[in-house]
Protein chains: 2
Amino acid sequence: MGKAKRIELSASLEDYIEAIFNLVHESKVARSKEIAQRLNVSRSSVTGALRLLKDKGLANYEPYGYVTLTDTGRLAAAEIVKKHNILKSFFEKVLGVESSLAQDAACRAEHALGTEIIARLLAYIRFVSANNKNGYHLADEFRRFCENPPPEPAGPRN
Amino acid sequence: MGKAKRIELSASLEDYIEAIFNLVHESKVARSKEIAQRLNVSRSSVTGALRLLKDKGLANYEPYGYVTLTDTGRLAAAEIVKKHNILKSFFEKVLGVESSLAQDAACRAEHALGTEIIARLLAYIRFVSANNKNGYHLADEFRRFCENPPPEPAGPRN
DNA sequence: TTGCAAAGTTAGGTGCGGCTAACTATATTA
DNA sequence: TAATATAGTTAGCCGCACCTAACTTTGCAA
């Protein structure tokens, strides 16, 4: 109970549903053309994807109409967005990666990592920021470590 | 100089090249059937992939013959394997994820993350194990944090 | 050596995810 | 309201990555 049945989504359909979710949160409604622009695909590809999402019960879509997500779709989208945000935060705040690269990597990795790993990453972000509050700044510590790493344990090039 | 031109490989071909690399390191030579077993694909799919890898100059392949990698192929494979190992280590040693899940996640994520992020992850692993040598055990610290996390900053469910 | 099982290939098919070009519907505006 | 620009769809195509079934090659045992 409380556990809705998971719908298997391809990486591509995850991208579409995520784009729709974001567009709806920006302008109440998603238009086909905007989705195409976000994802850098043709308008006709969007039409095809929308039909699939409708078939799976994830998107409210009628030809020539605006697009929104169903409750199930919103749930699925929220999960993907959550993964995305956690990954981006992790890359930025923990690893100190530059923002746009973090964004980019998050986009690609969000389809590959399951909930367990994502949960751990979130925990790690919290762990690091908790550590930031006392005198010991873990993130800074790592930055310093990167700038001046201890010598390698010898051996040939790796 | 020193910088060989990168060959773009699909996730699927990366899997094949990685499997061949590992098989060669286990038994000097890779056979089509073994590759198929490792990757859970049919023998005919392997034939197709081998032709592609040969075309790209990555595998030494003649019909009905054994399979090895070219120098370029070995280089490409080594990079993928490196990504795999770093990811697996990170999931296990830093995040404390169970070994087989770490292995699994590494398989999927290795195709999605670029060298910059991978390098940072490696640095982070080193950072954590360096921290393990003094009295302060970062990995243990995180484990404890996971078992007994501080209360959330209030607010509605997230 | 023949003769058969196992390994490998070929032929042909599927689904996905993308594309362009041409068409249709909708919106705008003169 | 009629003309046109823009948005969306359809038709038809391509490449990738897989599959099964049937065929060929190879290697091993009788």
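Tally the residues that are under 15 Å from A:A109 (Cα atoms) and not hydroxyl-bearing (S, T, Y), restricting the search to region B:91-119.
16
Yes or no, residue by residue, for (1) out of contact with any strand residue (DSSP E or B) (no Cβ under 6 Å at 6 or more places or on another chain); (2) surrounded by 15 or more Cβ atoms within 10 Å (Cβ to Cβ); (3) modelled with pLDDT under 95; (4) over 29 Å from A:F90 (Cβ atoms):
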residue: B:D15; (1), (2), (3), (4): yes, yes, no, no
residue: B:A30; (1), (2), (3), (4): no, yes, no, yes
residue: B:A36; (1), (2), (3), (4): yes, yes, no, yes
residue: B:L39; (1), (2), (3), (4): yes, yes, no, yes
residue: B:L53; (1), (2), (3), (4): no, yes, no, yes
residue: B:E62; (1), (2), (3), (4): yes, no, no, yes
residue: B:K83; (1), (2), (3), (4): yes, yes, no, no
residue: B:F91; (1), (2), (3), (4): yes, yes, no, no
residue: B:E98; (1), (2), (3), (4): yes, no, no, no
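Assess whether A:E26 counts as being acidic (D, E), within 16 Å of DNA strand D (Cβ to nearest atom) and under 19 Å from A:C107 (Cβ atoms).
When the stated conditions are applied, A:E26 passes them.
Taking the conditions exactly as written (more than 9 Å from DNA strand C (Cβ to nearest atom) and in contact with a strand residue (DSSP E or B) (Cβ under 7 Å, 6 or more places away or on another chain)), does A:L23 satisfy them or not?
So A:L23 fits the description; yes.
A:K93 - would you say it is more than 12 Å from DNA strand C (Cβ to nearest atom), touching a residue at least 40 places away in the same chain (Cβ under 8 Å), under 30 Å from A:L138 (Cβ atoms) and within 14 Å of another protein chain (Cβ to nearest Cβ)?
The answer is yes for A:K93.
If a residue must be of a type in the set (A, V, I, L, M, F, W, C), away from DNA strand C (no atom under 16 Å from the Cβ) and touching a helix residue (DSSP H, G or I) at 6+ places or on another chain (Cβ under 9 Å), how many such residues does region B:31-87 contain?
Total satisfying the criteria: 7.
Do any residues in region A:34-62 that are within 14 Å of chain B (Cβ to nearest Cβ) have Cβ atoms under 7 Å from those of residues that are more than 12 Å from DNA strand D (Cβ to nearest atom) and part of a helix (DSSP H, G or I), where the two are at least six apart or on different chains, and which pairs are they?
Final answer for the pair search is none.
All but one of (1) facing chain A (nearest Cβ under 9 Å); (2) more than 17 Å from A:L121 (Cα to Cα); (3) in contact with a Ser or Thr (Cβ under 9 Å, 6 or more places away or on another chain) hold for B:L138; which doesn't?
Failing condition for B:L138: (2).
The values are calculated or read from the model by the stated rules, or taken from the named source; none is laboratory data. Not measured: the values here are computed from a predicted model. All Cβ positions, glycine included, derive from the backbone under ideal geometry; neighbour counts span all protein chains shown.
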